[in-house]
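Everything below concerns the one structure shown next.
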Amino acid sequence: MNKETIFFYFYMKLNTMKISIGNDHAGPDYKDAIVAVLQAAGYEIKNHGTNTTDSVDYPDFIHPVAKEVSTGETALGIIICGSGNGAAMTANKYKKIRAALCWNKELVVLARQHNNANILSLPARFLSIPQAIAMVEAFINTEFEGGRHQGRIDKIPCR
């Protein structure tokens, strides 16, 4: 384990929260790897994803995640599908949800800092598992900057 990974585990143990995760048939291996890392760090995970690569309909596995995050039952969500698009579109139908489709760590950091994203949508067919884990680490460890960004977020819901 490198120094950054050890720090990540230490940080997460001090900041335990509930996290929902959901995936379609493109993401069971990603989900399993992410859940293993998060559980090892002491997070409570609510798993709504499929465990097989048999074809399923992604909304069936994304709606429970978005519902839990939108009601505050869980603090954050992670959703995984082939492109990440369908999962993000589904989650963003919920009030209070700001699901960010990201394909690199830099986008994850900006989504948290500027948009206070509360669900991370991962495109399994375009990422390696180590990349996805690094992105989840960035998602959890990056804080919202507030300030001018809060005013912009306040304008997102339709009036």
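Taking Leu120 as meeting all but one of (1) at pLDDT below 95; (2) within 13 Å of the chain's Cα centre (by Cα), write down the number of the exception.
Only one criterion in (1) at pLDDT below 95; (2) within 13 Å of the chain's Cα centre (by Cα) is unmet by Leu120, namely (1).
In the range 116-149, which residue that is outside any helix (DSSP H, G or I) and polar (S, T, N, Q) is surrounded by the fewest Cβ atoms within 10 Å (Cβ to Cβ)?
Initially, the range 116-149 is screened for residues outside any helix (DSSP H, G or I), giving 116-123, 127-128, 142-147.
Remaining after also requiring polar (S, T, N, Q): 116, 118, 121, 128, 142.
Working: Asn116: 17, Asn118: 22, Ser121: 27, Ser128: 10, Thr142: 16.
Looking at the filtered set, the residue picked out is Ser128.
Go through Arg112, Arg152 for me and flag whichever is farther than 24 Å from Ala26 by Cα, buried (at least 17 other Cβ atoms within 10 Å of the Cβ) and either among the charged types (D, E, K, R) or in contact with a Leu (Cβ under 7 Å, 6 or more places away or on another chain) (or both).
When all the criteria are applied, what remains is Arg112.
To keep it simple, each residue is scored yes or no on (1) part of a loop (DSSP other than H, G, I, E, B); (2) under 15 Å from the mean Cα position of the chain (by Cα); (3) at pLDDT 95 or above.
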residue: Tyr11; (1), (2), (3): no, no, no
residue: Thr16; (1), (2), (3): yes, no, no
residue: Ser20; (1), (2), (3): no, yes, yes
residue: Ala33; (1), (2), (3): no, yes, yes
residue: Thr52; (1), (2), (3): yes, no, yes
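Identify, please: which residue in the range 123-159 is of a type in the set (Gly, Ala, Ser) and at pLDDT below 95 and is, among those, farthest from Pro59 (Cα to Cα)?
Gly147
Is it the case, given these coordinates, that Thr90 is crowded, with 16+ Cβ neighbours inside 10 Å, touching a Pro at 6+ places or on another chain (Cβ under 9 Å) and modelled with pLDDT of 95 or more?
Answer is yes for this residue.
For the subset of the range 60-79 comprising residues that are crowded, with 18+ Cβ neighbours inside 10 Å and without any contact (Cβ under 8 Å) to a residue 40 or more places away in the chain, which member is farthest from Asn92 (Cα to Cα)?
Among those that are crowded, with 18+ Cβ neighbours inside 10 Å and without any contact (Cβ under 8 Å) to a residue 40 or more places away in the chain, it is Phe61.
Just the residues that are more than 14 Å from Leu120 (Cβ to Cβ) and of a type in the set (A, V, I, L, M), please, taken from the range 46-63.
Correct list: Val56 only.
The values are calculated or read from the model by the stated rules, or taken from the named source; none is laboratory data. In this text the structure is predicted, and so the values were computed from the model without any measurement. Note that each Cβ is placed from the backbone with ideal geometry, even for glycine, and that neighbours are counted across all protein chains shown.
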